[in-house]
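Worksheet: one structure, shown below.
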Amino acid sequence: MSACLPADKLLAFATTLLSHVGLDDEKAQVVAEILVEADLLGHTTHGLALLPPYLTEIEKGSMTKTGEPRVLADLPAAITWDGRRLPGPWLTVRALELAIPRAKIHGTCTVVIRRSHHIACLAAYLKRVTDEGLMMLLSCSDPNIASVAPHGGRTAVYTPNPIAAAWPTDGAPVMLDLSASITTNALTNRLRAEKKKFPGPWAIDATGLPTDDPNALFTTPAGTLLPTGGLDHGHKGYALALLVEALTGGLAGHGRADPKEGWGASVFIQVLSPALFAGEKDFRRETGHTAAACRATPPRVGFERVRLPGENGLRRRADQLAHGVELHPAILPALAAWAEKLRVSLPRTT
């Protein structure tokens, strides 16, 4: 059964756990905010489900607890950091705090980060930017892991390589978060733990045959996830994955060609200000027109209506802020174990 808890209580609880394992107070607060935001939007594999493994990483010293990123380059609209394996959510938010005001001056600002730790749910950062009337592109890869085969291959080369983007319209913003593979490692792990199958042939086994069994990725030799587009059109996801590799490891100058250091990320963050291009008014007029045209399209069989990317997430976020966050059934037991270990009280359900 799912638990339903107030968002502010979850935020305080997560912050306390992170602080108790030694994370700086500011970093603990920001990481907790991003994890709770992911659950608010409905991304339950990349929200508080990540808190137990994050706590484990901090305890064993694989996530740096204190300090700042090392600046490798700092031009007005192009910044490169060595993240020193600091918490990915904190590094990404800090990068946005730098990029947003610079984009308002220069029209755009890009920050790339090498050697970040995992950055959690990409969608959780988007509203921070669209609330400022700006557009954002965000992507990441993990150079330490390979779980997706290129189209036509049967050996894993890269990670699901997500890419997210968001922009304002004359109404609600458009917010998208997708991966270059059919599914994520997190959902694969969850389905495997629950002894469930993929909804379709989302993977291939070690011989290259399609399968709906998540266990195929845990054999020796291992199978892999398929690129977005699957068996027929996986060249699309494959191409997108290569783009993400270039934006992240390529621009950051550190990735799969370097020694592995453990669970982490190479990160690309770009913020654009429509006001400094053709103007914010015309930008919203154009994006609003397209959004309205999409919503007005007659739905095909099986669909109630046409929605925009992020529309359901924003609706869910508002509802859960008002009535409590519905956690996946596996999350609270995992958090309870850490609460007991660190002597922190669990938040009460609504």
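A short reminder: the numbers here are calculations on the coordinates, not readings from a lab. It should be emphasised that the depicted structure is a prediction, and the values quoted were computed from it without experimental measurement. Cβ atoms come from the backbone with ideal geometry, glycine included; neighbour counts cover every protein chain shown.
Tell me what the chain gives for mean residue ellipticity at 222 nm when only DSSP H runs of n ≥ 4 count, each as -39,500 (n - 2.57), the sum divided by the residue total, rounded to 500 deg cm²/dmol. Please list the in-between numbers first.
Values: 10 runs with 131 residues, N = 350.
Helix-only estimate at 222 nm: -12000 deg cm²/dmol.
Annotation: amide H-H contacts under 5 Å for Asp24 (H modelled 1.01 Å from N, sequence separation of 5 or more, or interchain): none. Using C-alpha pairs under 8 Å with a sequence gap of at least 6, the mean separation divided by the residue count of the range 183-225 gives a relative contact order of 33 percent. The string of couplings for the range 323-331 from the Karplus curve (6.51, -1.76, 1.60, θ = phi - 60°) is 10, x, 8, 8, 8, 4, x, 7, 6 Hz, one whole number per residue in order, with x for Gly and Pro. Shape analysis of the range 1-75 based on the Cα gyration tensor places the equivalent ellipsoid semi-axes at 24, 15, 12 Å, largest first. Descending by average beta-carbon neighbour count within 10 Å, the peptides 82-93, 166-177, 231-242 line up as 82-93, 166-177, 231-242, the highest first. What the Cα atoms of the range 185-323 give is an Rg and a Dmax of 20.4, 56 Å.
Cβ crowding within 10 Å ranks Glu33, Glu59, Glu245, Glu194 as Glu194, Glu59, Glu33, Glu245, fewest other Cβ atoms first.
Can you sort Ile100, Ile163, Ile34 by how many other beta carbons sit within 10 Å, fewest first?
Ascending Cβ contact count within 10 Å gives the list Ile100, Ile163, Ile34.
Each of Ala239, Gly153, Pro6 was scored by the projection of its Cα onto the charge dipole of the chain, and the greatest displacement toward the positive side belongs to Gly153; charges sit on the C-beta of Lys, Arg, Asp and Glu.
Residues in the range 281-286 carry Karplus couplings, in order, of 4, 5, 4, 5, 5, 5 Hz; the curve used is 6.51 cos²θ - 1.76 cosθ + 1.60 with θ = phi - 60°, and Gly or Pro positions show x. Rounded to two decimal places and with Rh computed the Kirkwood way over Cα pairs, what is Rg over Rh for the chain? Rg divided by Rh gives 0.96. Ordering Asn215, Pro201, Ala186 by Cα displacement along the dipole of the range 183-225 toward the positive end leaves Ala186 in first place; charges were set at the Cβ atoms of Lys, Arg (+1) and Asp, Glu (-1).
Taking a straight line from the alpha carbon of Lys260, these lysines sit under 21 Å away, with near neighbours fewer than eight places off in the same chain left out: Lys60, Lys65.
Its residue count N sets the reference 2.2 N^0.38 Å, and the alpha-carbon radius of gyration of the range 183-225 equals 0.99 times that reference.
Distance between the C-alpha centres of the range 89-143 and the range 247-298: 9 Å, rounded to the whole angstrom.
Given Cβ point charges of +1 (Lys, Arg) and -1 (Asp, Glu) and nothing else, what value in debye, to the nearest 20, does the dipole of the chain about its Cα centre take? Mind showing how you got there, number by number?
Working: 36 positive and 34 negative charges, 57 e Å.
The dipole of the chain has a size of about 280 debye.
Which order do Glu340, Glu286 fall in if you start with the one that has the fewest other Cβ atoms within 10 Å?
Placing the least packed residue first, the sequence is Glu340, Glu286.
Amide H contacts of Ala78: Thr110, each under 5 Å away and 5 or more positions distant or on a separate chain (H built 1.01 Å from N in the peptide plane; Pro and chain starts excluded). For Val306 and Glu26, the difference between the fully extended length at 0.36 nm per residue and the C-alpha to C-alpha distance is 96.8 nm.
Calculated translational diffusion coefficient of the range 86-218 (25 °C, 0.890 mPa s; Stokes-Einstein with Kirkwood radius over alpha-carbon pairs) equals 147 µm²/s.
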